[in-house]
Number of protein chains: 2
Amino acid sequence: MTLCVIAGGVGAARLLLGAQDVAPGSSLTAIVNVADDDVISGLSISPDLDTVVYTCAEAIDADRGWGLAEETWRAMESQRRYTQSAERPDLGWFNLGDRDLGTHLYRTARLARGALLSEVTAEIAVAWGLGLRVLPVSDDRIATRLVTADGEISFQDYFVRLQHEVEVQSVRFAGAEQAEPAPGVLEAIASADTIIIAPSNPIVSIGPVLAVRGVREALVARRDDTVAISGIIGGKALKGPAARLLEELGHESSAVGVARIYAEIASTLLVDDVDAHLADDVEAAGLRCVVTSTIMSNRADAAALTAGCLEATRR
Amino acid sequence: MTLCVIAGGVGAARLLLGAQDVAPGSSLTAIVNVADDDVISGLSISPDLDTVVYTCAEAIDADRGWGLAEETWRAMESQRRYTQSAERPDLGWFNLGDRDLGTHLYRTARLARGALLSEVTAEIAVAWGLGLRVLPVSDDRIATRLVTADGEISFQDYFVRLQHEVEVQSVRFAGAEQAEPAPGVLEAIASADTIIIAPSNPIVSIGPVLAVRGVREALVARRDDTVAISGIIGGKALKGPAARLLEELGHESSAVGVARIYAEIASTLLVDDVDAHLADDVEAAGLRCVVTSTIMSNRADAAALTAGCLEATRR
């Protein structure tokens with residue numbers, strides 16, 4: 001049994017932690033968003049890839065929700081001497097923990113020597129001894145750009161610097177149309193027994209994955225075997241700006257809104273128990289609706305949710 | 001009284017620490033080598049500038065001779081997970097302490113936003129509250145390249161990775177001919193009452209400074225007011241590859257060899273007491289020879305040596 005998970009950051013990572021126990025080893029492939037990637041102070045950062053890797057390695061800082069546990073902040077504290085002295089609040093707002101910096105230094109050095117992001121990511125996954133294959137959706141640069149009243153900004157500007165407290169008028173994924181899927185991406189989608197769309201942000205996490213040339217078409221072809229999990233529960237996202245973004249961009253901030261977005265690529269939607277009353281509307285959108293507990297508090301919850309996805313596609 | 005010091009790394013930094021007490025504030029300008037600068041894992045590093053700044057701030061790790069005191073190595077330890085797993089000894093050999101990383105992150109971010117190296121360096125010097133002006137000799141990229149039997153290598157490859165245990169056939173300073181002096185460099189040389197050439201490596205520390213367009217000519221014009229300090233003591237360098245490099249490149253590894261290299265730009269050479277017997281040979285090279293204690297064990301020694309330089313040019 002092989003499983004392919006279309007993944008953003010936190011929500012996907014939590015699912016993948018448990019999915020390792022359901023589809024161990026090479027039978028599990030995560031295809032991960034890279035449109036949040038950026039270059040910060042010269043370092044190539046890949047937030048969603050790192051969140052997936054750190055979470056699956058059980059090395060993530062669970063309270064913070066990103067970065068490594070037992071982290072220290074000596075580099076940031078040192079940099080603050082300069083940003084404060086020079087009064088440069090435009091610098092230093094992106095937090096880079098000392099241990100986390102090791103990952104960015106390695107990735108940046110490898111990329112500078114010509115390695116592909118997919119190669120570096122595989123090396124990083126091996127170094128952590130992960131029980132899954134982690135693929136960036138593309139080795140090419142894709143950048144989520146958000147149009148606000150003050151102009152177009154990068155994802156990290158939006159998400160970290162502005163703490164997503166700004167109205168978004170539209171979103172685009174620069175470079176996505178020219179981006180090629182990374183080696184193995186289309187094959188993983190084509191060959192998996194089941195494909196899960198993780199409960200990540202449909203707009204800025206799953207959206208850029210689908211925007212890469214050929215990925216949406218590959219998923220459309222596997223619609224019968226694809227199950228999505230709604231990350232919108234009771235009209236809200238557990239974390240992050242998904243609910244607000246959905247509304248600002250003209251969608252419904254609910255499991256029904258998610259169903260409509262995924263109708264072309266998924267045949268089943270898992271919605272949380274609290275959204276049981278939306279089942280008819282989800283089905284009206286053209287997806288089978290499975291009501292279950294979708295909140296993952298631990299690895300066992302995530303394994304159970306993964307098993308629920310497999311069960312749903314077998315029906 | 002204004003003082004201008006032509007500076008490399010460690011030896012110059014030690015002198016400048018004391019020079020701050022002799023020519024305080026804006027009356028002291030250091031013109032610093034940048035040909036050791038490199039980009040390591042995406043980060044712009046400026047080893048000589050940082051050694052000067054950290055030393056003058058009394059923040060340097062005195063035992064190690066570079067980097068910051070009370071340093072930690074969490075980022076490096078983290079990176080080692082990847083370099084070891086992937087068996088990449090070609091990566092991770094350049095040590096970046098966590099506190100030191102703060103400086104590199106700030107510099108890289110500022111340069112990425114279009115700041116000049118001289119602007120960033122001034123900001124860094126202000127942040128440390130330094131009692132001198134620190135100028136990179138140029139805002140343009142200059143790179144020391146060393147030709148070995150195995151081909152041409154970068155300075156950091158030579159100095160850090162290979163621990164300068166390789167024979168050098170020739171040295172060049174890529175970009176130096178096109179490099180413009182940074183704002184203030186030629187003015188500082190032209191206007192200083194006294195110019196000191198610090199006891200740095202004549203080949204790879206002072207050499208690149210002299211190679212920047214107009215700097216050698218500016219110093220030649222100030223020869224009468226320029227005093228050099230021999231960094232070769234008893235035929236050896238206190239630290240680093242200066243003695244070996246001098247011999248490999250056809251010079252004499254002695255204060256006399258240093259005198260011959262600087263004969264065109266300096267009228268006086270300070271040599272250590274142990275080299276008193278070389279005074280006649282130094283004078284034969286065309287420089288007045290002043291014999292004194294040149295070893296700097298502390299700030300007071302450095303202040304005394306600076307005062308000795310001023311005294312020598314007043315004679």
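Coordinate-derived values only; no laboratory data. What you see is a predicted model; the values in this text were computed from it and never measured. For neighbour counting, all protein chains shown are included, and Cβ atoms are generated from backbone atoms with ideal geometry for every residue, glycine included.
The residue among A:295, A:307, A:270 whose Cα reaches farthest toward the positive pole of the charge dipole of the range A:263-311, with charges on the beta-carbon of Lys, Arg, Asp and Glu, is A:307. Its Cα centre serving as origin, chain A has a Cβ charge dipole (Lys and Arg +1, Asp and Glu -1) of approximately 460 debye.
The DSSP beta bridges internal to chain B are antiparallel in roughly 40% of cases. Among A:49, A:68, A:91, B:249, a tally of other beta-carbon atoms within 10 Å of each Cβ gives an order, fewest to most, of B:249, A:91, A:68, A:49.
About the centre of its Cα atoms, the protein assembly as shown shows a dipole size close to 80 debye [charges on the beta carbon of Lys, Arg (+1) and Asp, Glu (-1) only; nearest 20 debye].
Inter-copy label distances at residue A:64, shortest first and taken from points set 7 Å along Cα to Cβ: 2.2 nm. Within the protein assembly as shown, the proportion of Cα pairs with more than 38 Å between them is 43 percent. Here residue A:236 is the anchor, and the aspartates and glutamates within straight C-alpha reach of less than 12 Å, apart from those fewer than 8 places off in the same chain, are A:247, A:252, A:272, A:275.
Label points for residue B:172 are taken 7 Å from Cα along Cα→Cβ. From this copy to the others they lie 4.5 nm apart, shortest first.
Across identical copies of the chain, residue A:116 has label-point separations of 4.3 nm, listed in ascending order, with the point defined 7 angstrom from Cα along Cα→Cβ. Between the listed residues A:148, A:96, A:117, the Cα displaced farthest toward the positive end of the dipole of chain A, a dipole computed from Cβ unit charges relative to the Cα centre, is found at A:117. Rounded to the nearest 20, the size of the Cβ-charge dipole of the range A:184-248 about its Cα centre is 240 debye, with Lys and Arg at +1 and Asp and Glu at -1. Remark: relative contact order (chain B) = 20 percent; criterion is Cα-Cα distance under 8 angstrom and separation of 6 or more residues. Computed from the alpha carbon positions, the gyration tensor of the range A:65-134 leads to an equivalent ellipsoid with semi-axes of 29, 15, 9 Å, biggest first. Entry note: the range B:143-201 has Rg to Rh equal to 1.12, where both radii use alpha-carbon atoms and Rh is the Kirkwood radius. Footprinting exposure proxy ranking of B:74, B:216, fewest other C-beta atoms within 10 angstrom first, gives B:216, B:74. Note on the protein assembly as shown: antiparallel DSSP beta bridges, both residues inside, total approximately 40 percent of the bridges counted. The modelled label-to-label distance between residue A:178 and residue A:273, using points 7 Å beyond Cα along the C-beta direction, is 5.0 nm.
Assign one of three labels to the range B:68-207, namely rounded, prolate or oblate, based on the Cα gyration tensor with a ≥ b ≥ c the square roots of its eigenvalues; rounded applies when a/c is under 1.5, prolate when it is not and a/b is larger than b/c, and oblate otherwise. Oblate is the answer for the range B:68-207, as a/c is 1.5 or above yet b/c matches or exceeds a/b. Note on residue A:190 and residue B:213: the model spin-label points, each 7 Å out from Cα along the C-beta direction, lie 5.6 nm apart.
By DSSP, the beta bridges lying fully in the range A:153-306 are antiparallel in about 15 percent of cases. In loop segments of the range B:171-268 as defined by DSSP, the GluC sites (Glu not before Pro) with at most 13 further C-beta atoms inside 10 Å of their C-beta are B:177, B:264.
Distance between the 7 Å Cα→Cβ label points at residue A:26 and residue B:113: 4.8 nm.
When a/c is below 1.5 the answer is rounded, else prolate if a/b is larger than b/c, else oblate, so apply that to the range B:188-315 with a ≥ b ≥ c taken from the square roots of the Cα gyration tensor eigenvalues. It comes out rounded by the Cα gyration axes. To the nearest 0.05, how large is the calculated FRET efficiency for residue A:314 and residue A:150 if R₀ is 41 Å and r is the Cβ-Cβ distance? Efficiency computed from Cβ-Cβ geometry: 0.25. Ordering A:104, A:164, B:277 from the fewest to the most neighbouring beta carbons within 10 Å gives B:277, A:164, A:104. Look at the stretch B:114-122: the mean tally of other chain Cβ atoms within 10 Å of its residues' Cβ atoms is 1. Relative contact order of the range B:57-105, taken over Cα pairs closer than 8 Å and 6 or more residues apart, is 38 percent. In chain B, helical runs assigned H by DSSP with n ≥ 4 each contribute -39500 (n - 2.57); averaged across all residues and rounded to the nearest 500, the mean residue ellipticity at 222 nm is -11000 deg cm²/dmol.
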